[in-house]
Amino acid sequence: MSEIMKTDLAERIERLITEARKRTVTAVNTAMVYTYYEIGRMIVEDEQQGEQRAEYGKFVLKNVAEHLTRKFGKGFSLTNLELMRKFYKVYSQIPQTLSEEFNDTAIFQTLSRKSSLPLTKPQNTQILSDKSESENSATPLRNSEKGQVVSDQLHFTLSWSHYLKLMRIENPDERHFYEIEATENNWSLRELQRQFDSSLYERLALSRDKAGVKALAQKGQIVEKPEDMIKDPYVLEFIGLPELPQYSESELEQRLIDHLQTFLLELGKGFTFVGRQVRFTFDEQHFRVDLVFYNRLLRAFVLLDLKRGTLKHQDLGQMQMYVNYYDRFVKTEDENPTIGIMLCTDKSDAMVEITLPKGNNQIFASKYQTYLPSKEDLQRLLEENLK
């Protein structure tokens, strides 16, 4: 009995230490992001107050880089200092001091003492005089003009590696969308890169009007109704099938199961896996749904059927029967209506519209592709849709 208690105690202490270490790493990473932001501010303000000649600024920054590299190592090279300057210019200034942001964080206080960096308060909420840089800010500067003060608060929630990626996204709305999604979904850098490469922002925006696209940039993806989670196309490049000239629906299904974690990421928020080839019997006949999921945000079952080739009206009729069965015999009274998604390689929008009931909000047909889409083509389509 005592041995069991000791084991349980050891496990609980181990979990506590592990969580504490995770929080320590997170606190240090966050402190460094704010530090880099502050360094960028100091560089920009020094350049604005000093000589105006570009060559002079380069000379000063080069000397600073050499000094900091000797003192702290390669993390403060000329290239990295230029990235910190860009970081400050891309993001609007935070109104609180760094010491206020970390006033109870011993890690940050120790870090600042060891680095000897003067972590001072940014110049309130002053906007950069360069209008183009303000327009590139990831946080919308509401009711602001050149030289005006804004009160928007900016909090850095991701790692420096994440921000290096985000800074390369030129469209501020798109950048802000990915920042929100990476924070809310705890995306790793690799996941952020994958979602950007698969053009998640454009694929979601294509199904929305101007107000919906703006909401994506300001709030991220909000899932309140079935239409909010649908993508067209779904991108399945992670299954590795593009190299094969032909493959069956069962092989496609198996590849999706083999890469279930990535597939759930592609499906979107709130999905949990229920089963594959889920059988039900009706009127002495057996039927199987390829893949069954449950969406916690919508509180509804989501049925997926996979189709190679062009989608036919019989396929939609079959999905309608699946959805009806789940609505009548599987879902509980407090759950929302079942959602059906047909994933196919080709479809006629006109045929889908005429086959499904008017006002349909339960059954959807989307294309899937096993290669990354052309970001430029999707951006062009999005611009045309918003005209």
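Where a number appears in this text, it was derived from the coordinates with a stated rule and is not lab data. Note that the structure is a prediction, hence the values are computed from the model and not measured. Glycine also receives a Cβ, built like all others from the backbone with ideal geometry; neighbour counts cover every protein chain displayed.
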Next on the checklist: Using Cβ contacts closer than 10 Å as the measure, can you line up Leu252, Leu264 from fewest to most?
Outcome noted: Leu264, Leu252
Checklist entry - Under a plain spin-label model, where a point goes 7 Å from the Cα along Cα-to-Cβ, how far apart in nm are Asn361 and Asn171? => result 2.7 nm
Next on the checklist: I need Asp346, Asp232 ordered by Cβ neighbour count within 10 Å, fewest first.
Outcome noted: Asp346, Asp232
Checklist entry - Quick one: which of Lys210/Lys387; Lys225/Lys358; Lys22/Lys219; Lys89/Lys214; Lys225/Lys347; Lys225/Lys375 span more than 19 angstrom between C-alpha atoms? => result Lys22/Lys219; Lys89/Lys214; Lys225/Lys347; Lys225/Lys375
Item to check | Cβ-derived FRET efficiency at R0 56 Å, Arg70 paired with His286, nearest 0.05 | outcome: 0.15
Checklist entry - Going by how many other Cβ atoms sit within 10 Å of their own, how do Asp327, Asp349 line up, fewest first? => result Asp349, Asp327
Checklist entry - Which far-off residues, 5 or more places away or on another chain, put their amide H under 5 Å from the one on Val274, with H placed in the peptide plane? => result Val292, Phe293, Tyr294
Checklist entry - Short version: ³J(HN,Hα) in whole Hz for each residue of the stretch 215-223, in order, from phi by Karplus 6.51 cos²θ - 1.76 cosθ + 1.60 (θ = phi - 60°), x for Gly and Pro, what are they? => result 5, 4, 5, 8, 10, x, 7, 9, 9
Checklist entry - Could you give the nm distance between label points at Asp327 and Lys62, where each point is 7 Å from its Cα heading toward the beta carbon? => result 7.2 nm
Next on the checklist: Give me the one-decimal nm value for the distance between modelled label points at Val274 and Asn385, 7 Å along each residue's Cα-to-Cβ direction.
Outcome noted: 2.8 nm
